[in-house]
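Presented below is the structure to which this report refers.
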Amino acid sequence: MRKEKSEMLFHEIYGSYYNVIAAVLSEAVNGTLEDRKIRKIIQEKDFDESILNIPDKLVGGNWHLLTEDYETPLMSEPKIHLTMLQKRWLKSILLDPRIKLFQPDDDGLKDLEPLFSPEMVVYYDQNRDGDPYTEPIYVENFRSVLEAIHSGQWIDISYETARGKKAHYICHPKSIEYSQKDDKFRVRISLDLDRPETDRVLNISRIIACNEIMDDRDMESCRDKSNPKLLSAGIQKRSLTLEVTDERNGLERILFHFSHLEKETKKLDSQIYRLKLVYDASDETEMLIRILSFGPKIKVIEPEDFIVKIRERLLKQQTTLTEK
């Protein structure tokens, strides 16, 4: 019986330890290595506990890669080359429409056949109303937000709320977040960098237009009293306090589900946690549905009006089931 050879998709040499050592040796080849820099590279690229053994093994250890004067026998910087299988795998990943939003560099991969197509990937436990990743308006708005984040500039956003109302934000985009459960991208914005309470989270799919990216001079004119839209347009924030029972990784799943929201977690005992969530008031109906989906693992503590709405929805469901 012939034994088939199999190639690992990514060999261990592409792991963090090898990358750390390659970065250290590159500094040594260029003559810029010192003890402080070794520790800095290890802290930035690897786990903290590696500091305990990597420097000793590199300098005067049994690896024979560095001398005590931080010189190396290597003549050139270490390079790690990809195999054909790895390149085809990367080509497959770059076909994902979500990845394409970031305009990744596919240099050297354009003429390769992908290892698999996006249609071969099946997602489970995920909502079907994900963002329209290939629609031109969505792509344009996403990249405008991303550019504003990278440049640190302010942006003028026209937005449609969950209730169909129009909102207008002159804001500073801070970060983009992805919800695997909802299959949606959201952007965290600030209406005033000196006031964290003005932060909002917007669904990128609800952005109607990103009208312009503004520099600081334009922002000063927008702060004029005759133009109140800077802070007046916004969505009211609400908080929700829950009691979570951590059974079958329940806490981990709930935190992952609400990863896009501002939150505080406090352990009450071995299995019970207190969780506070901050959300947009316009998303309250969606929050009700999400909370109910976790069943008895979640208990709403406050506010009282949210508890009343939970009871009303449960009674309505019970009545519907009885009638059927």
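The values are calculated or read from the model by the stated rules, or taken from the named source; none is laboratory data. Source: prediction; values computed, not measured. Methodologically, a virtual Cβ is constructed for each residue, glycine included, from the backbone with ideal geometry; neighbour enumeration extends over all protein chains shown.
Go through region 87-128 residue by residue and tally those that are surrounded by 14 or more Cβ atoms within 10 Å (Cβ to Cβ) and among the polar types (S, T, N, Q).
Adding up the residues that qualify gives 1.
Could you give every pair whose Cβ atoms fall below 8 Å, whose first residue belongs to region 103-114 and is in contact (Cβ under 8 Å) with a residue 12 or more places away in the chain, and whose second residue is part of a loop (DSSP other than H, G, I, E, B), counting only separations of at least 6 or pairs across chains?
Every condition considered, the pairs that remain are Pro114/Leu95.
For Ser205, which of the numbered conditions (1) buried (at least 19 other Cβ atoms within 10 Å of the Cβ); (2) modelled with pLDDT under 85 fails to hold?
Here Ser205 meets the rest and fails (2).
To keep it simple, each residue is scored yes or no on (1) surrounded by 11 or more Cβ atoms within 10 Å (Cβ to Cβ); (2) at pLDDT 80 or above; (3) under 28 Å from Trp89 (Cβ atoms).
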| site | (1), (2), (3) |
| --- | --- |
| Glu7 | no, no, yes |
| His11 | yes, no, yes |
| Tyr17 | yes, no, yes |
| Ile21 | yes, yes, yes |
| Val29 | yes, yes, no |
| Ile38 | yes, yes, no |
| Gln43 | yes, no, no |
| Asp48 | no, no, no |
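Quick one: in region 257-288, which of the residues that are more than 23 Å from the chain's Cα centre (by Cα) and β-branched (Val, Ile, Thr) is farthest from Gln236 (Cα to Cα)?
The residue in question is Ile272.
State all residues of region 242-275 that are touching a helix residue (DSSP H, G or I) at 6+ places or on another chain (Cβ under 9 Å) and among the hydroxyl-bearing types (Ser, Thr, Tyr); if no residue qualifies, say none.
Listed by number, the residues that qualify are Thr245, Thr265, Tyr273.
Can you tell me how many residues within region 282-309 are part of a helix (DSSP H, G or I) and either in contact with an Asp or Glu (Cβ under 7 Å, 6 or more places away or on another chain) or surrounded by 13 or more Cβ atoms within 10 Å (Cβ to Cβ) (or both)? Spell out how you get there, then give the answer.
The first filter runs over region 282-309 and keeps only residues part of a helix (DSSP H, G or I), leaving 282-293, 295-297, 304-309.
Imposing the further condition that a residue be either in contact with an Asp or Glu (Cβ under 7 Å, 6 or more places away or on another chain) or surrounded by 13 or more Cβ atoms within 10 Å (Cβ to Cβ) (or both) reduces the set to 282-284, 286-288, 290-292, 297, 306-307, 309.
Of the residues in that region, 13 qualify.
Which residues, taken from region 67-81, are loosely packed, with under 13 Cβ neighbours inside 10 Å and within 9 Å of Ser26 (Cα to Cα)?
Within region 67-81, just Ser76 meets the criteria.
Considering region 181-202 alone, what residues qualify as being acidic (Asp, Glu) and either buried (at least 18 other Cβ atoms within 10 Å of the Cβ) or in contact (Cβ under 8 Å) with a residue 60 or more places away in the chain (or both)? Please lay out each step first, then the result.
Start the filter on region 181-202 by keeping residues that are acidic (Asp, Glu), which leaves 182-183, 192, 194, 197, 199.
Hits for region 181-202 are Asp182, Asp183, Asp199.
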